[in-house]
Each structure stands twice: as C-alpha cells, then as structure tokens.
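First the structure, in the form of structure tokens, and then the observations on it.
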Amino acid sequence: MKRLAEIKGGLTLHFKLLCYFLVFGAIILVVLWVFQSFLLKPYYTAKKSNIVEKSAARIVRAIEQNKNIWTTVDNVASYNSLTVYLYDTESVMGFTTPIYEINYDNPAAQLTIEPHEVYSYYRYAKNGDGTYMCVDSNSLDDIARQKLERLRKAFTGATSDSTPEVHYRSGATNNVENMVYAAVASRSEGDEMFVLVTSSITPLSNTLAIMQGQLLWVSVVFVILALLFSLYASRRIARPISKTNSAAKELAKKNYSVEFDAKGYLEVKELNDTLNYAKTELAATEKLQRELIANISHDLRTPLTMITGYGEVMRDLPGENTPENIQIIIDEATRLSTLVNDLLDLSKLQSGALQAEKKEFCLTDSVRDIFTRYAKLVEQDGYNIIFEAYENVYINADELRISQVIYNLVNNAVNHVGEDKTVIVTQKPQKGGKVRIEVTDHGEGIPADKLEYIWERYYKVDKEHKRGVIGSGLGLSIVKSILDAHNAHYGVRSALGKGSTFWFEIAATRIEKTNL
C-alpha cells in the first residue's frame, strides 16, 4: 500500500531513470535498423560515386596537362579497384577499340561496353558539361536505352526495318549494379581523349540479409544488456538521493542525530554537507529557543510574583500601603512592560514589519538625552557612566531606533560592569564621513571563541541566567537587527577579566565643533 501511494504521488527517480535509459537504448536500435535497412545502400553508392568521380577528374587533369598519363591511370585504377578505358576521338570509329584499357575491378561483374554504348556516353558527356555518370543494373535505364538506340540508328544510317534490335547485357545476369563515369579531356595538341571509368557496385542484398540476421542477435543481446545496465545505473544514481531523502524526513521529525552521509557524486555530497550544516544550526537554534523561553519565563515570573506579593501584603497587612512598596510594584510593572516591548520590537525588526523612518538629527544630543535615564543608578547605586564627545555629529537615520541601540548597549555594559561600576561611551568621527560610537565596560569580558555568536538570536554567553540590573536580556539581538536595517558596521572587542567594547559605525551628514 505504501508503494502504491508513492506511485500515485509521482514516479520515483529510480523508475524515471530506468525509463530514460531504456528509451535511449531503443532509439539506438531504431537508428541502427533504419541505417542498415534504408540508408546503407544509398550511402555506399554515394561514397562509390564520389571515388569514381574524383578518380576520373584526376585522370582528365593528367591528360590535359600531358603529364604521367599512363602512370596516373595505373595508380588510380589499382588504388580504387576501377576499370579505365581511354579512347581517341579523332574518328568516330575510334570507339571500337580503346587506345588504353586497364582493369582492376571484379572481372565477373565488369561491363562489356560495346561501341554504340561508348558513343552514347560520349554524346551525353559532350551535351553536358563534359562529364556524364549513370548507375544502373543494366548500365542504362529504359529512357537512356531508347536514346542510345536512336543514336545508334542515326550513326549507322539504319532503319527499324533493316536493323535488328540490339540487346544490352551489361552484367545483368550477375545482378551487379555498375557505375559508369564518362569525361571528355582536351589535350594540349588540340585533340580530345574520351575517358570511361567503370566500377561494379557489389550486390548488397545478400550482405544485408547476413547483416540483418547478425543485427537481430545483436539487438537481443543489446536489449538484455541495456536492461541490466539501466537497472544498475538508475539504482546507483537514485540510491544517494533516496538515502538523503530518508534522512531529511527524519530531520523534519526533529531527529537531529541523523547523519547525511550519502555518497555518489559531487552534487549529492554538496547537498549532504548543506543539510548537515542546516541540521547543526537547527539543533542549536532549538536549544537556544528553549533557553530563551526559560529565561523569558523567569523574567516574566519574577516581576509578576513581586507585584502579586507586594499587592497581597498591602491588602492584608495594615500600614504596608507605603510609598516604598508602591514604588516596587511600579518598578516591576515597568520592567515587565519593557520585556514585552522588547519582544515585540525584536519580532517586528526580524520580520521586516518595522520600517525605519529616517531623518537628520544630532546623534550627540540623543546620547546625552539617554544618559538622563541613568540618573538614579548614578546617584543611588554609585555607577559612573561617562560620555566623551568633542563634536556635534548629525546623521540621517531613525532617531528612535538609533537611540534604542545606544540604550541597549549601555544597558548591556551596566549589566556586565566591573567592580569600578564604570561605563564609558565614546563618540569618534572617522575617515570617510562616518562616526563611531563605542560603549566600554570593565567587566568579566567574553571568551574569544564566543565573540562571533553573541549577536545571534537567543544566544547567551553565560548559561546561568541572571536577572539584569536594567533591560530584558534581548538587547544585542535588537541592536543587530536595527543596525542591519541601517546598513551600519558593528562589532565587539573583549578580553577576559578586562571588559568589553561594543561599537558601531554609521554615516554622518555633518560634524560641528563644540566648546564642551
């Protein structure tokens, strides 16, 4: 039933490849049969005709140049198995006996050329462009034979009543087709020579019958071999893909222990390498998602628990409705609201739903405004947050989102500050019309092998979740998304035990000197 369902859903790669190989084999067999049955004889005749024509042209050229005539005739006739006749055309009766004859063709299949036939060929050549060729089992077809008869009667002055009918033998009893090429060659002395080149065309009927019988057996063997090869090749090609497909189905079931190790050819290897990488990333992402959910649940539960606890205390115990307890409830509600807003912002930024609204504003003033939010930390908890800037820098960006970047970077530094509780924010104009913002803390630092991962979603350097002083713990993910949307460069430098410096660079529209 499973196999039937797969067939209904679509043909498998193995089956398709098998069909393609079998169809290819069938096409080869059809081409062989068509060539042997219909094209072999025309091809053989065309090749023979070409040889005879070129050989005659070579002899004519030797006669016209009066160079090595007899040697040329011997070489051409022997090399190509031809019969060559040379006639002197000074008198009509010169066609009775050739002045030169050489026979390297099959004597049993050779034409017996009579004078009137020679004269007919001569007339055909003279009336044409100096050459004439015919191929026929009786040397001449019926029309040519009728013309020949009329020429013969005109030549002899005979009439139909006084001249008996002439019968042409021309090797028909041997079922041999003959090729005759006639050419008139003009000599340098001003006279002419008539060249006849003949060649018997070997009967192909018996040869074809033998070859067709052999081809039948070859076809049977070929079909068997093609079937076996098609089964093997299609299975060999389809097996790695089928194996990869099975492993992919396991991956879809969140079985991250599956291995994509199918081998066969380069494309399959590259596909398996890609799927192995995807499997690793999916496993890491799922693990980090679980950690994030656990962390967020903790961050949500803590303020809710405190709000609920202080609310119950204020309700049940007289005198506990104090400004301090109310402030704690307000602070925890604010923390809870911040966490929810950060989650919404991160979701919108990474989905592309939150578009940047760019305008020109003073980045320096924006940073100074952000520092006012840390007045309580500076006054009550002894934090030292410093901003170093010697110019007023203007940029074209989304002011709200860039302020969020700086605020999150400062929050991250505050949460990982060292014993000196010092955070330094530096504004540095760069070459090329850019400005760099750096946020430095003197905390525990980040291991070098984890620096490249800290921007990834859900990633935390310290696996033990601890509640931050400020913020939700999603700051760096939000920073990355906002800076990517602004095509800004960013990074981090860190050393264990010495702290970290987070930075980003963005294009500046103008820079003004300040007296501060």
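The values are calculated or read from the model by the stated rules, or taken from the named source; none is laboratory data. Remember, it's a predicted structure, so these values are computed and weren't measured experimentally. What goes into the accessible areas is simple: the full protein's heavy atoms, side chains included, and nothing from ligands, DNA or RNA. Shrake-Rupley method; radii C 1.70, N 1.55, O 1.52, S 1.80 Å.
Its residue count N sets the reference 2.2 N^0.38 Å, and the alpha-carbon radius of gyration of the stretch 345-434 equals 1.22 times that reference. Relative to its residue count, the stretch 293-409 spans a Cα convex hull of 140 Å³ per residue. Legend: residue pairs Lys358/Lys498; Lys431/Lys480; Lys376/Lys434; Lys359/Lys480; Lys263/Lys480; Lys359/Lys513, Cα-Cα distance threshold 28 Å; pairs beyond threshold, Lys358/Lys498; Lys376/Lys434; Lys263/Lys480.
Computed over all pairs of different Cα atoms, the Kirkwood value for the hydrodynamic radius of the stretch 240-331 is 17.3 Å. The C-alpha radius of gyration of the stretch 267-316, expressed as a fraction of 2.2 N^0.38 Å, stands at 2.20. Across the accessible surface of the stretch 385-439, with the other protein chains kept in place and a 1.4 Å probe, carbon and sulfur atoms take up 46 percent.
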